[in-house]
1. Using a 10 Å cut-off around each Cβ of peptide B:79-89, what is the average number of partner chain Cβ atoms that fall inside?
2. Checking the a/c ratio against 1.5 first, then a/b against b/c, what shape does the Cα gyration tensor give for region A:131-190?
3. Counting other C-beta atoms within 10 Å, and keeping those with at most 16, which DSSP coil GluC sites (Glu not before Pro) do you find in region A:287-364?
4. Using Cβ counts within 10 Å as a stand-in for footprinting exposure, how do A:Tyr263, B:Tyr182 rank, fewest first?
5. Which pairs break 23 Å Cα to Cα here: A:Lys47/B:Lys83; A:Lys60/B:Lys76; B:Lys83/B:Lys104?
6. Quick one: order B:Glu96, B:Glu38 by neighbouring beta-carbon count within 10 Å, fewest to most.
7. Using the Cα centre as the reference, give the magnitude of the dipole from point charges on the C-beta atoms of region B:33-211 (Lys, Arg: +1; Asp, Glu: -1; all else neutral), rounded to the nearest 20 debye.
8. Divide by every residue of the protein assembly as shown the summed helix terms, -39500 (n - 2.57) for each DSSP H run of at least 4, and state the resulting mean residue ellipticity at 222 nm, rounded to the nearest 500 deg cm²/dmol.
Amino acid sequence: MDIRGRLIPSEQVNISLGPYEKRVPAVTWRCQRCGAIPTRGPCTCGKRCYYCRQCLIFGKLRTCDTLVTDTRPLDPVLPSQHQPLELTDDQRRIATEIGQTIEQSGRLLVHAVCGAGKTPMLFPGIETALRLQKRVLITTPRADVVRELTLHVKRAFKEARIVSLFGGSEERLDIGDITISTTHQLIHYRSCFDVVFIDEVDAFPYSTDRTLHRYVKRVMCPAASLILLSATPSFKNKRLPTVRLMRRYHGFPLPVPQLQIPYTTNQLIEWLRRHEDKPRLVFVPTVAALSEWQERLEQAGLSSETVHAADEARIDKVERFRTTTSILVTTTILERGVTFANVQVAVVDADVSFRAAGLIQISGRVGRSADFPKGEIIFFANDRSNALYEAIHEIKRANREGFR
Amino acid sequence: MKCLLCQQFFLPSWSLSNVWTRQTVCLPCKISFVKRGECTDCGKPGHSLCWDCERWRKQGHSLQTAPLFLYDAHAKAFLKRYKFLGDTALINVFKEDLKKVKVKQDLIVPIPLSQERLSDRRFNQAEGIARLMRGRIKLCLARSDGPAQSGRSRQERLERVNPFTVISSIEGKTILLVDDVYTTGATLHQAALRLREAGAKEISAVTLFRSV
């Protein structure tokens, strides 16, 4: 069992490491794995025993437990070539920028619009990193995005050792030359990656959870380069060097959302009927609203499916939606990281609880494939909110900048 | 306050009746547990005396068991976190309910864990429940068994050899047994049998949940 670069409970370790072993108490005044304040609990150890409630799903940690790591260095990284790529000039510009950042161990924020082709832009950078014997981590807050990225990266790098980590994946506690992981799974790793890409930096829960920021920080080697990727960076950090790509890979502008204020249910139904031959996504603000809207559509004779974060059949439903021309009523979980060919999108009650970044991401679902670069995105709202206008303004500005 | 179950912030309700109690769960989480049913002996919903208890009575093993709630999906999620993940602070969800249980018996006896299981889990879930009740706790049972009860079929549970032994004197005492879930009643009845053999005067039981 290889635990270099990882810090895990001693019960899970079944080999003796001799002088290379390093032990730390699992819970002191803070949990040494996640950093939360622990809670007192009964234990057979007979002392004042505290345990961490915060990271309980990764296994219970008590004061009487220890965490173990192996202090030996990790195996050297094997260089690997990616499959030939077709990049546009804009993409190549960003890719060289990323490559330079990796060589200089710097930091970079890549602000690229939805559908700019962020994933292929990483591949030259990853290749540079592997050539320089640097271990690569691609991390993102969303498990769906991890699955999709894994497919892309595995297709591009045929020989490299690629490990994909998310809740319920088989490759638990493993390190590859390229590791693709959710931010939560980084909890077990310590200073082992030289190049860290964070995809969708502004996505929930990474945007609100400071613990996740710490996880990412501590998996980075002392001289690691950090590359942030987003279509809607929520922080306008002046100190972070930024490159912008405001043009989609197929060269068509972003579809600008239409507004319908105020709206009636009939208008939505009429809109859905108009696009009968295409897959249609309907975004609603809450889980409770899902069944409501499904019922309303049912009454109008339109059959639909619903999907939300706690839905067990969620992956199946989304897969099915890819191949059919039906209606999928969804919450904001499908707002990023998914691609449907020729999809048309409506947002109902867009003035309630949707943020500008979310609306931009939702609009970015439309017209992503080169075969169907155009599509319709429409916001149905009963009131005017700042977020609505901010989103439209940002999209228009991006189009202006991209086609200057 | 942060709710123990859903981890969301909530505002505790204030009234004269709960000024001195510390609320640990939000109201929606609290009321999602379903209260016990009609059966006088085991709290199963449906009949005033269920088929199960009737059979126990015919065999001459009548045991008054008072569950607090029904073991539905919500309770299952609770128990999974409390017992199997080991989130011991979670028992405070039922602090008030357990405090209200009237204990007239001399001793409260939580169902013990076997030595192997205890060293594995490192706490006894039944003892955790018993500690929140008002009464004198005496750990006078020991248990020696192999496989766990949960995940066994009904027949297997009922046919198992009695794993309990009494380790201290309880001659002439009235006893309240405490366990987490009442499924077939096999465990509680077996423990009660041993206690009765050891000379306990009167035995009844309290469980957190009754499976349906």
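1. 4
2. Oblate, since a/c reaches 1.5 and b/c is not below a/b.
3. For GluC sites (Glu not before Pro) across region A:287-364 that sit outside H, G, I, E and B with at most 16 neighbouring Cβ atoms in 10 Å, the list reads A:Glu312.
4. Fewest-to-most ranking of A:Tyr263, B:Tyr182: A:Tyr263, B:Tyr182.
5. In this structure, B:Lys83/B:Lys104 lie more than 23 Å apart at Cα.
6. Ordered by Cβ neighbours within 10 Å, fewest first: B:Glu38, B:Glu96.
7. Dipole of region B:33-211, to the nearest 20 debye: 320 debye.
8. So the helix-based figure for the protein assembly as shown works out to -8000 deg cm²/dmol.
Read-outs throughout are calculated quantities, based only on the coordinates presented, and are distinct from any laboratory measurement. Note that the coordinates shown come from a computational prediction; the quantities given were computed from them, not determined experimentally. Please note: Cβ atoms are built from the backbone with ideal geometry, for glycine as well, and neighbour counts cover all protein chains shown.
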